[in-house]
1. Tell me, please, whether a residue that is assigned to a loop (DSSP other than H, G, I, E, B), open to solvent by 40 Å² or more (accessible area, probe 1.4 Å) and without any contact (Cβ under 8 Å) to a residue 40 or more places away in the chain can be found in segment 497-507.
2. Going through segment 202-252 one residue at a time, which ones are part of a helix (DSSP H, G or I) and over 21 Å from Val122 (Cβ atoms)?
3. Tell me which of these Ile512 doesn't satisfy, since it passes every other one: (1) closer than 30 Å to Lys194 by Cβ; (2) exposed (fewer than 15 other Cβ atoms within 10 Å of the Cβ).
4. So, Tyr267, is that one open to solvent by less than 20 Å² (accessible area, probe 1.4 Å) and assigned to a strand (DSSP E or B) or not?
5. Hey, Val313 hits all of (1) open to solvent by less than 20 Å² (accessible area, probe 1.4 Å); (2) closer than 21 Å to Gly134 by Cα; (3) among the aliphatic types (A, V, I, L, M) but one; which does it fall short on?
6. Applying the selection to segment 452-494, what residues are over 18 Å from the mean Cα position of the chain (by Cα) and open to solvent by less than 60 Å² (accessible area, probe 1.4 Å)?
7. So if I check each of Asn274, Asn287, Asn283, which one is touching a residue at least 40 places away in the same chain (Cβ under 8 Å) and open to solvent by 40 Å² or more (accessible area, probe 1.4 Å)?
8. How about segment 211-232: which of its residues are open to solvent by 10 Å² or more (accessible area, probe 1.4 Å), out of contact with any Leu (no Cβ under 8 Å at 6 or more places or on another chain) and modelled with pLDDT of 95 or more?
Amino acid sequence: GCVLVVSVIEQLAQWHNSTVKAAMERLCNYIPGKYQIICHIIDREMNADVVCHSLKLCKQEPGQPLCHLYPPPKREKHSPGLLHSLAHAGRKHEIISKSFTGFSSVCSFPLLANLCEKIKYVIRNKLPFEDFDGDKFSTFPTLRGYHWRGRDCNDKNTTVYPGRRPDNWDVKSDSNCNGIWGVDPKDGIPYEEKFCKGAGSQGVVLLGDSAGAHFHIPPEWMTVTQMSAKSFANLPVAFTDELDWPQFSEITGFLNSTIGGWTDSLYLRLRRRNRCNHRDLQNISQNGGSSGNLLYLIKSLARNQLLDNPAIVVYATIGNDVCNGNRDTLAHMTTPKEMLTNVVQALQYLDSRLPNGSHVILTGLVDGRFLWDNLHDRYHPLGQLNRDVTYSQLYSFLDCLQVSPCSGWLTPNETLRNLTSERALQLSNVLKEIARSEKFANFDIFYMDFPLKQTTEEWRKMGGEPWQLIEPVDGFHPSQIAAALGTSITWQKALHEWPQVLGKENPFNDQIEAIFKDQGGH
């Protein structure tokens, strides 16, 4: 965190020349002594690694390597460059570091303490923070609100929520929040009965990880050549959605993307196919989601077997069963036996919760060798100004700190990358076998490979490059473009191979839109 912030500050000063530097110096005269860390950062001609180590915000554990993002400073006579710089910097920064240590936690600031408590609550429970009737749906967008689950249309009534079957055909009010209610004055038939009876209404639920939640750090936050006051306008939304953007995601996206690319999702296509499906979505994903911790996460599912419509559940933990930041990464990967136990247990839970006629799609793991192959020698956003940080350097830095999102794939060690992909394939084969052999009372099961190859081919046909399918800041997650293309490929596969999953086209869609167009907002 320190290296990232210091890098951006230093590059901003460089990009805007000495005028900004002079302004910073003037500002520093007004800043109380203990907050003057920022002035010293810009005053010294040191790289971010040296500054952060000398401030003791980065430290070297005994017996561990000295972690650095940037190439070490040029070697001095008789002395290694980085160590020499640290020794010189340390004395000047010792006083600053002592006063700064108390502020190293963002949640210690009084203004942020309350927000941090809210965020901790939703991360722990994976339920909307603002949910007055306790039905697991909200009228508030972030903090696990309607960006993650269909928007509640009455947060004071626990029997009103997206996805339920209509109460008395919604003659008097909209009990399932799809915007369709009341009676047609011409014939006295309730609109919900006329348009949605027998239409095969169903919701879509994702059980997933950070790729499914759509993790994204905006590159303009750290690319000084693009930075402006507008760059951070989306910071509050990003922060309160855990740096995830489910509202633009591949399975449950419903808003036009503001983070590049375009939005296309399984939910939007199901809604287009049958307008009665409006708002029936749940994105039950978390950063770091795996087959193991999904067993806890799945309990936040909102589905009543007796009162609600069936659902298509997409089970997609595409990497974290083989991805971890441990030095002995192979020893910490999920084994095929553990995968079998975890997934079958999750499916048994779903069978006790999903209405009859539901469907489950198991998605295989990705082949993450794609990441190193397409990014390792490219410049990261932090390295584009001075051409001094490649993804290879970023991966090594994160690995050194033991916070790599995937030590097995984000590594120059080709043997380790291959072994990680081998394990991913073994786990995908477990999923394939479960779909072939297991049977459940309330849903059927299908398997599909993660469509990376087809997505890449499709993007090349459109004139794109494979690296554009990866998130630029973390160098790990699928980008907005990859998410949208993935939807199209998954939909085509479902249409051809399992059309029964998608349901039929509702012939009344145009009429519904004409009558209820003002109630179609998400």
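The values are calculated or read from the model by the stated rules, or taken from the named source; none is laboratory data. All of these numbers come straight from a predicted model, not from anything done at the bench. Heads up, the Cβs are rebuilt from the backbone with ideal geometry, glycines too, and the neighbour counts pull from every protein chain shown. Please note that ligands, DNA and RNA were not included when accessible areas were found on the heavy atoms of the full protein model with its side chains. Shrake-Rupley method; radii C 1.70, N 1.55, O 1.52, S 1.80 Å.
1. Within segment 497-507, one or more residues are assigned to a loop (DSSP other than H, G, I, E, B), open to solvent by 40 Å² or more (accessible area, probe 1.4 Å) and without any contact (Cβ under 8 Å) to a residue 40 or more places away in the chain.
2. Residues satisfying the conditions are Pro219, Glu220, Trp221, Ala229, Lys230, Ser231, Phe232.
3. Tallying (1) closer than 30 Å to Lys194 by Cβ; (2) exposed (fewer than 15 other Cβ atoms within 10 Å of the Cβ), Ile512 fails exactly one: (2).
4. no
5. (2)
6. Residues satisfying the conditions are Thr455, Thr456, Trp459, Gly464, Pro466, Ser488, Ile489, Thr490, Trp491, Lys493, Ala494.
7. Criteria check complete, one pass: Asn287.
8. Matches in segment 211-232: Ala211, Pro219.
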